[in-house]
Amino acid sequence: MSKPLSAGIVRRLDDALSRGEEFILALTHGLIAGLIVLTVFFRYVLNDPLTWTEEVIVTIFAWMLFIGFSSGFRERMHIRIDALLLVLPMRGRAILGVFAVVATTATLLGLVWFGTQQALIMMETETPMLRISAAWAVAALPVSAVFALVHIVRHAVCNGFGQALWPADIAAATEGGH
């Protein structure tokens, strides 16, 4: 009884996180596009360049990039080599899948630790134009790594550890072959 309850909680948390990621990605795309148009207008039409927009765009782009990175785990869209997965029997795929989840989780935990350390170091450093903490841009790394971990946990709970990182189309295509 506790497994469906925990799976339901993980699913709801991941779904909410995914909606938040989609909102952030749409917002950051729009903000960057708007700021670029504004920057070009001020520089070439009004002959009065906005000096602060580059810092804002770079910070927003960092968040967009890293939130997209975590969203890739939700959709299982990251680069992978499927050839070995397609020829292995189910047990071999499961073992390889567990290894992939362990290695990916260790890497993401390392990114959380490293990114947090860097954000703490950059906390007192101010950006040149806006005079805000440089940690704002650096914090995108550990935050997105935590988001990615949540996505992996959801896939592991709902699909099993052995298939947590494999997309459904590959799992379905290989089920009948072995």
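Maximal additional length on extending the Asp48-Ile95 stretch stands at 10.9 nm, based on 0.36 nm per residue less the C-alpha distance. Pairs of alpha carbons in the chain separated by more than 22 Å make up 57% of all such pairs. For region 14-119, the square roots of the Cα gyration tensor eigenvalues, ordered a ≥ b ≥ c, give a/c of at least 1.5 with a/b greater than b/c, which places it in the prolate category.
Quick one: putting +1 on the C-beta of Lys and Arg, -1 on the C-beta of Asp and Glu, what dipole do you get for the chain around its Cα centre, in Debye to the nearest 20?
620
Fully extending the segment from Leu86 to Ile121 would add 8.1 nm, taking 0.36 nm per residue of separation and subtracting the current Cα-Cα distance. Across the options Gly97, Met64, Ser18, the greatest Cα extent toward the positive end of the charge dipole of region 2-175 (unit charges at beta carbon of Lys, Arg, Asp, Glu) belongs to Gly97.
Helices assigned as whole DSSP H runs in the chain whose Cα atoms extend at least 30 Å along their own long axis and whose mean Kyte-Doolittle hydropathy is -1.0 or higher are found at 2-40, 53-75, 90-122. Counting neighbouring Cβ atoms within 10 Å and putting the fewest first, the residues Ile24, Ile9, Ile67, Ile132 line up as Ile9, Ile132, Ile24, Ile67.
Since every read-out is calculated from the coordinates, none of them should be taken as a lab result. These numbers come from a predicted model, not from an experiment. Don't worry about glycine lacking a Cβ; one is built from the backbone with ideal geometry, like all the others, and counts go over all protein chains shown.
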